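The values are calculated or read from the model by the stated rules, or taken from the named source; none is laboratory data. From a predicted model like this one, the values you see are computed outputs, not experimental measurements. Neighbour counts run over all protein chains shown; Cβ positions are idealised from the backbone, glycine included. SASA here: full protein model, heavy atoms, side chains in, ligands and nucleic acids out. Shrake-Rupley method; radii C 1.70, N 1.55, O 1.52, S 1.80 Å.
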Amino acid sequence: MPYRSGIAGLARVEMRVAFPALVNRFRTLRLAVPPEEVALRPETADIYGVKSLPVTWDA
């Protein structure tokens with residue numbers, strides 16, 4: 001069985017809390033670029049996901 005750090009689980013929990021909090025705080029938060037322009041990390045990277053996520057919101 002592969003070793004899994006507790007840090008990964010903590011990071012998932014933090015994201016489950018952080019993203020809804022951001023959306024609730026910044027109700028007009030949205031992508032600043034079309035979805036197809038969001039840069040992804042290469043599949044060969046140790047951590048898969050977005051490389052950057054440009055967002056904008058109305059003041």
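Legend: residues V38, V23, sorted from most to least accessible area (1.4 Å probe; ligands, DNA and RNA excluded), read V23, V38. Overall, the accessible surface of the range 7-59 at a probe of 1.4 angstrom is composed of carbon and sulfur to the extent of 62 percent. Relative to the longest principal axis of the Cα atoms of the chain, the long axis of helix 6-25 lies at roughly 10 degrees. Just to be sure I understand, if you calculate mean projected area of the Cα convex hull in nm² for this structure, which of (i) 5.2; (ii) 3.7; (iii) 5.5 do you get? For mean projected area of the Cα convex hull in nm², the calculated option is (iii).
Taking R0 as 25 Å, what's the FRET efficiency between A59 and V33 from their Cβ-Cβ distance, rounded to 0.05? With R0 = 25 Å, the Cβ-Cβ based efficiency is 0.80.
Heavy atoms of the protein chains alone define the surface here; on that basis the chain has 93 Å² accessible area per residue at 1.4 Å probe size.
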